[in-house]
Amino acid sequence: MEAHQYTVELEWAADRIGVLSSPELRNQIEVATPPQFPKGVEGIWSPEHLFTSAVSSCFMTTFLSIAEKSKLEFSKFSCTAKGKLDQIDGKFAMSEIALEPVLTIHSESDRDKALKLLEKSETYCLISNSIKSKVILNPTILV
């Protein structure tokens with residue numbers, strides 16, 4: 001496969017707030033310093049939220065592809081992701097992303113297959129493979 005590029009543009013709006021956009025997309029996202037930092041802004045997506053959501057959304061799209069190829073029947077997928085920001089060697093870093101997917105399958109006989117596909121999805125998630133953060137998978141499978 002050839003390399004792909006994704007263009008993101010950022011424009012400062014005011015204070016600690018900017019607007020993300022892409023010529024490839026129709027929606028803009030307002031971003032800001034998180035409220036835990038000086039002059040941080042409540043209620044606006046932060047770089048830390050975007051980082052965590054990149055891992056979560058990549059995990060989901062990878063799972064959807066793998067589940068389709070493996071013919072796993074399921075009725076619902078959701079995933080809570082929790083990004084942990086730490087100070088490591090005097091620098092801030094996202095040290096850990098905990099993924100907590102909940103998958104509802106049609107048949108108990110698919111439980112082992114579903115678990116293996118969730119684990120495989122984390123292994124093959126290109127964003128997880130591109131970061132230094134530890135990614136932890138805590139799946140729940142419902143029937």
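Using Cα centres only, tell me the gap between the stretch 97-141 and the stretch 18-41 in whole Å. Taking the Cα centre of the stretch 18-41 as reference, the centre of the stretch 97-141 is 28 Å away.
Net charge in the neighbourhood of T123 (other residues with Cβ under 15 Å of its Cβ; Lys, Arg +1, Asp, Glu -1) is +2.
For S22, nonlocal amide neighbours, meaning residues 5 or more places apart or on other chains whose placed amide H falls under 5 Å from its own, are E9.
Counting protein heavy atoms only, the chain has 52 percent of its accessible area on carbon and sulfur, 1.4 angstrom probe.
In whole angstrom, how long is each semi-axis of the equivalent ellipsoid of the stretch 1-40, when you take the square root of 5 times every eigenvalue of its Cα gyration tensor and sort them from largest down?
Working through the eigenvalues yields semi-axes of 27, 12, 7 Å.
Considering only beta bridges that DSSP places wholly inside the chain, some 75 percent are antiparallel.
Here M1 and L142 are evaluated by their C-beta separation; at R0 = 35 Å the FRET efficiency comes out at 0.50.
What you get for the stretch 1-98, charging only the Cβ of Lys and Arg (+1) and of Asp and Glu (-1), is a dipole of about 300 debye around the Cα centre.
Ranked from the most accessible area to the least, with a 1.4 Å probe and all protein chains present, what is the order of D15, D86?
Highest to lowest solvent-accessible surface, that is D15, D86.
When each of the peptides 56-65, 105-114 is scored by how many other beta carbons lie within 10 Å of its residues on average, the order from highest to lowest is 56-65, 105-114. Placing L115, L10 in order of accessible area, with the largest value first and a 1.4 Å probe, yields L10, L115. With respect to the chain, whose longest principal axis is taken over its alpha-carbon atoms, helix 47-69 is tilted by about 20°. Per-residue ellipticity at 222 nm from helix content only, as computed over the chain with -39500 (n - 2.57) for each DSSP H run of at least four residues, stands at -9000 deg cm²/dmol. Once backbone amide H atoms are built at 1.01 Å from N, V135 has I97 as its partners under 5 Å, excluding neighbours fewer than 5 places away on the same chain. Take every Cα pair under 8 Å whose residues are at least 6 apart in sequence, average their separation, divide by the length of the chain, and the relative contact order is 18 percent.
Compared with the dominant Cα axis of the chain, that is its longest principal axis, helix 111-124 is turned about 40°. 3J(HN,Hα) couplings calculated from phi for the stretch 125-135 with the Karplus curve 6.51 cos²θ - 1.76 cosθ + 1.60 (θ = phi - 60°) are, in sequence order, 5, 5, 6, 4, 6, 9, 10, 8, 4, 6, 10 Hz; Gly and Pro show x. Using a probe of 1.4 Å, the accessible surface attributed to V19 totals some 40 Å² when neighbouring protein chains are kept in position.
The values are calculated or read from the model by the stated rules, or taken from the named source; none is laboratory data. Values in this document were obtained by computation on a predicted structure and should not be read as measured data. Because the Cβ atoms are built from the backbone with ideal geometry, glycine has one as well, and the counts that use them run over all protein chains shown. The accessibility values were calculated without ligands, DNA or RNA, using every heavy atom of the protein model including side chains. Shrake-Rupley method; radii C 1.70, N 1.55, O 1.52, S 1.80 Å.
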